[in-house]
Amino acid sequence: MKLLRYSTLLLALSAACGVHAADKVKVGMVTTLSGAGAGLGVDIRDGFSLALKHLNNKFGNLPVEVISGDDQQNPDAAKQLVDKLVKKDKVDMMTGIVFSNVMLAVGPSIFNSKTYFISANAGPSQYAGEQCNPYFFNVAWQNDNLHEAVGKHVFEKGFKNVALVAPNYPAGKDALTGFKRYYKGKVADEIYTKLGQLDYGAELAQIRALKPDAVYIFLPGGMGINFIKQFVDAGLSKNAQLFGPGFSADEDIIKAVGAPMLGMFNASQWGHDMENPQNKRFVADFVKEYGRLPSLYASQGYDAAMLMDSAVRGVKDKIEDKDALGKALKAANFKSVRGDFKFNNNQYPIQNYYARVIGKDAQGRITNRTLGTVFTNHGDAYASACKMK
């Protein structure tokens with residue numbers, strides 16, 4: 001009898017302290033669904049949704065509730081959404097943010113609430129190095145990485161004088177820093193644009209005067225679409241080879257630009273032509289579901305969901321145990337569309353990076369083709385500065 005009363009008391013205390021078994025997983029999806037960067041957020045959301053469909057809308061044995069919001073590519077709007085999700089909705093995990101300036105603005109609120117954020121894109125150098133945080137996991141890459149791969153590829157191809165173009169915000173700075181880390185030729189100039197800029201007349205005139213043998217751009221979303229069209233229309237592609245990271249030359253950009261993209265080189269950690277079972281299923285079902293080839297953003301959204309599922313399975317659905325959930329996320333016990341996947345000490349990926357070129361496939365579609373590996377098991381330059389608490 002005493003034992004029964006003691007057990008009842010424990011249950012009452014647990015309930016009073018808010019410790020109870022979860023009956024579902026709440027995921028906050030904050031991403032960019034309007035403006036020039038909307039295509040990126042839509043692809044992350046759609047990749048995540050496809051993963052949920054493959055998982056029967058469950059992580060482990062728990063049903064998933066996704067609460068979505070449009071950050072409008074605006075740090076203030078994102079802060080309001082994040083505050084609602086962590087305070088009112090009390091989400092268990094979050095994902096979706098595309099842009100690094102937005103991620104840096106909302107990071108402190110997320111981390112202070114002890115909510116795990118699984119980044120399906122934004123990979124700022126700050127969170128890879130001294131400001132690394134146990135509540136931040138990146139399933140995509142660190143901002144510099146794709147640019148490092150292109151820098152190495154451009155140098156090995158023998159280009160000796162390259163003009164660099166990027167928007168003036170944290171990821172733009174990381175981009176050009178990464179490119180220069182492995183490109184050892186001459187940099188004709190570093191041209192920084194406004195974030196969201198769509199008219200590049202002044203920049204193209206500057207490039208024409210520089211006479212580089214190659215141009216490297218990091219211009220996400222609609223920025224890249226407009227630049228590439230204007231670059232080709234201005235005749236600059238006749239004398240300068242255009243390069244970009246995977247996200248400036250991916251399927252969303254190709255669909256909008258078309259033939260002017262042919263022959264453009266880029267680098268990515270993923271390609272829709274990668275030969276592994278999970279990628280084949282992902283690509284085929286994405287095309288069937290949405291009527292378009294997936295971009296790397298979609299692949300990252302898909303992997304973010306699969307990582308969350310692996311963590312919930314790892315804690316046997318006991319997601320209220322935050323420490324155990326963090327360890328299960330770190331274990332990354334899932335099959336990525338990239339194949340094997342593992343985290344570095346800073347909870348950013350260690351992975352391969354590949355050179356790609358845009359051409360026509362057997363079906364006549366303008367798309368990317370993987371050429372070969374640029375980096376094998378590549379980490380980022382900031383991990384040594386991360387002293388994870």
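Just to verify a number: FRET efficiency for Glu320 and Lys387, C-beta to C-beta distance, R0 = 25 Å, to 0.05? Result of the calculation: an efficiency of 0.35. The Ala234 and Lys360 beta-carbon pair, evaluated with R₀ = 30 Å, returns a calculated FRET efficiency of approximately 0.80.
Once both labels are positioned 7 Å from their Cα atoms along Cα-to-Cβ, the gap between Leu262 and Asn377 label points is 4.1 nm. For the chain, carbon and sulfur atoms together expose 52% of the accessible surface, with a 1.4 angstrom probe and every protein chain in place.
Between Asn168 and Lys184, the distance separating the two model label sites (each 7 Å from Cα on the Cα→Cβ line) works out to 3.3 nm. Relative to the longest principal axis of the Cα atoms of the chain, the long axis of helix 100-112 makes an angle of roughly 10 degrees. To the nearest 10 degrees, how steep is helix 222-233 against the longest Cα principal axis of the chain, on a 0 to 90 scale? For 222-233 against the chain, the angle is about 10 degrees.
Sorted by accessible area with a 1.4 angstrom probe, largest first, how do Ser299, Ser237 fall?
Of Ser299, Ser237, the descending order of accessible area is Ser237, Ser299.
Per residue, what accessible area does the chain have, given a 1.4 Å probe and all protein chains present, in Å²?
41 Å²
Beta bridges from DSSP with both residues in the chain: antiparallel share about 35 percent, rounded to the nearest 5. With a simple spin-label model that places each label point 7 Å from the Cα along the Cα-to-Cβ direction, the separation between Ile350 and Ala284 comes to 3.3 nm.
The values are calculated or read from the model by the stated rules, or taken from the named source; none is laboratory data. All figures in this text were calculated on a predicted structure; none of them were measured in a lab. Positions of Cβ are generated from backbone atoms using ideal geometry, with glycine treated the same way; all protein chains shown enter the neighbour counts. We work out accessible area using only protein heavy atoms, side chains counted, and drop any ligands, DNA or RNA first. Shrake-Rupley method; radii C 1.70, N 1.55, O 1.52, S 1.80 Å.
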